[in-house]
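Take a look at the structure set out below.
The values are calculated or read from the model by the stated rules, or taken from the named source; none is laboratory data. All values derive from a computational prediction rather than experimental measurement. With ideal geometry, Cβ positions are generated from the backbone for all residues, glycine too; neighbour counts draw on all protein chains shown. Calculation scope for accessible area: heavy atoms of the full protein, side chains included, ligands and nucleic acids excluded. Shrake-Rupley method; radii C 1.70, N 1.55, O 1.52, S 1.80 Å.
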Amino acid sequence: MTLTIKGCPDARIAVSFSSGFTVPVLDAVRSVPGRIWNTEQKAWLIPENRKSADALLLNLYETGLFSVPEDTHSSVPLLPKNSRIPGEEKIAEEVARLQEALQVRHYSSCTVERYCKWLADFLTLNKAEIDAVDETHINAYLKQLAIKKNVSASTQNQALAAIMFYFRFVRNTPVEKLAAVIHAKKKPRIPVVFSRQEVQAVIEKLSGSKKLIAKLLYGTGMRLNEALSVRILDIDFDRNEIIVRHGKGDKDRHVMLPQTLVPELKAQIEKVRTMHQKDLAEGFGSVSLPNALSAKYPSGSKEFKWQWLFPQKNRWINKSSAEQGRWHLDESLVQRAVKMAILEAGINKNASCHTFRHSFATHLLESGYDIRTIQELLGHSDVSTTMIYTHVLNRGSHGVVSPLDLI
């Protein structure tokens, strides 16, 4: 496997594979925020800044195929694994222990990835005394995040959750010894919401599968990764529902199937069927199955029902193992298309794909649906999370009238 990292004229860094790759390395690149796939260059492009570069190198390092030298200017530069220095070796061991503890408790892959990154960052700051770190070091690290890096309260609390999990379940430190750890106070934020006219305007600027995905996001309230992870078997036309599997918190739930999308979804399924039959004819057609189902159903990965509803255009190829298959459409492609559609529609809001989900909940509440129903559709564990959408009750005919309008 040969990994090439080089600069590009458009203030981006190009990452390409010239002789095959492994799935962990591919996931390491795909996990960098802001990355996009460039079909012409056959490379992943990431923003050319220190934060993105360090995130890429740290992800690659955590695959276990690379290590970090001591005499370098970058916080996570890479060397062959056999040159790993003692301090970095200890950090890698602790991160591996945390990863194992999270996986044993069936935490989602996203949570495992983020917790491991936070722990690696925390231990790197205190690598001279890893075995002696305590609540004093935790508080110093949290202060650095808040004051020097100016992170949000949510980000700070996520870092704290990762470190606290490590102390409680990996180092077995009693909870009472961590009572003085700083917790950031999370401020309430009103979500960005499209009007119904704006939803229609944005969707009309999209085309193809991306347009159908946007309609699903608004019509069902799914998160983007949930919509892209839908498989053929998750759609039930008879019961008019879509099953969201392994959503946030690794929870399953049901959402309604918008009747206006039935013809489009059936057409998309037939498109996938044609693609799948072509793959099978060429000796491929496999997709990854969740958990250990690939061992339970050895031939299941080639069954049509397990195929993604929105498969990627090209098959991925692992030249070292000759393994080949399709993954679902990459999130960055949809995110970029929606951002462009918002700009072309002339909407001056800091909106994204997730704004469709906020709009779904807000518009249901405006239509008179109760908060508990909306909570179930969104998959929120606590109704207090859903209560943020009640901001719509403060406007309109049932809200407060400005005194200026009464003059």
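A few remarks follow.
- Only one of the listed residues (Lys248, Lys266) is among the basic types (Lys, Arg) and either open to solvent by less than 20 Å² (accessible area, probe 1.4 Å) or over 22 Å from Gln335 (Cβ atoms) (or both). That residue is Lys266.
- Of the helices (runs of 4 or more DSSP H) lying entirely inside region 289-407, those containing at least 2 residues that are modelled with pLDDT of 90 or more are 331-344, 354-366, 371-378.
- Residues that are hydroxyl-bearing (Ser, Thr, Tyr) and in contact with a strand residue (DSSP E or B) (Cβ under 8 Å, 6 or more places away or on another chain) occur in region 314-336; there is at least one.
- Single match in Ser286, Ser352 (criterion: surrounded by 14 or more Cβ atoms within 10 Å (Cβ to Cβ), touching a residue at least 12 places away in the same chain (Cβ under 8 Å), more than 23 Å from Lys251 (Cβ to Cβ) and among the polar types (S, T, N, Q)): Ser286
- Evaluation of Phe21 against the conditions (1) more than 30 Å from Phe169 (Cα to Cα); (2) at pLDDT 70 or above; (3) buried (at least 19 other Cβ atoms within 10 Å of the Cβ) shows that the sole unmet condition is (2).
- You will find that of Lys339, Lys296, Lys302, the residue that is open to solvent by 20 Å² or more (accessible area, probe 1.4 Å), out of contact with any strand residue (DSSP E or B) (no Cβ under 6 Å at 6 or more places or on another chain), without any contact (Cβ under 8 Å) to a residue 60 or more places away in the chain and under 23 Å from Trp44 (Cβ atoms) is Lys339 and no other.
- Just one residue in the set Asn172, Asn150 is closer than 21 Å to Leu98 by Cα, free of Cβ contacts under 8 Å to residues at least 24 places away in the same chain and open to solvent by 80 Å² or more (accessible area, probe 1.4 Å); that residue is Asn172.
- Filter result for Trp37 (among the aromatic types (Phe, Trp, Tyr), over 28 Å from Phe169 (Cβ atoms) and modelled with pLDDT under 80): yes
- Hey, Lys251 in contact (Cβ under 8 Å) with a residue 60 or more places away in the chain, assigned to a loop (DSSP other than H, G, I, E, B) and either charged (D, E, K, R) or within 24 Å of His276 (Cα to Cα) (or both) or not: yes
Per-residue answers, yes or no, for (1) within 18 Å of Ser229 (Cβ to Cβ); (2) at pLDDT 95 or above:
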{"site": "Asn240", "(1), (2)": "no, no"}
{"site": "Lys248", "(1), (2)": "yes, no"}
{"site": "Asp252", "(1), (2)": "yes, no"}
{"site": "Pro263", "(1), (2)": "no, yes"}
{"site": "Ala281", "(1), (2)": "no, no"}
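- Sub-7 Å Cβ pairs linking a first residue in region 93-105 that is within 20 Å of Thr124 (Cβ to Cβ) and free of Cβ contacts under 8 Å to residues at least 40 places away in the same chain to a second residue that is part of a helix (DSSP H, G or I) and of a type outside the set (Asp, Glu), at least 6 apart or interchain, are Val95/Cys116; Val95/Leu119; Val95/Ala120; Gln99/Val112; Gln99/Cys116, ordered by first then second residue.
- Ile235 at pLDDT 95 or above and more than 23 Å from the chain's Cα centre (by Cα): no
- Residue check, Lys205 modelled with pLDDT of 95 or more, over 24 Å from Ser367 (Cβ atoms), of a type outside the set (A, V, I, L, M, F, W, C) and open to solvent by 60 Å² or more (accessible area, probe 1.4 Å): yes
- Contact map, region 225-241: residues that are surrounded by fewer than 17 Cβ atoms within 10 Å (Cβ to Cβ) paired with residues that are assigned to a helix (DSSP H, G or I) and of a type in the set (A, V, I, L, M), Cβ distance under 9 Å, separation 6+ or inter-chain. Pairs shown: Phe237/Val262; Phe237/Leu265; Asn240/Val262.
- Scanning region 190-232 for residues being β-branched (Val, Ile, Thr) and more than 20 Å from the chain's Cα centre (by Cα) gives a total of 6.
- Residue within region 290-307 that is within 18 Å of the chain's Cα centre (by Cα) and under 27 Å from Asn38 (Cα atoms) present: no
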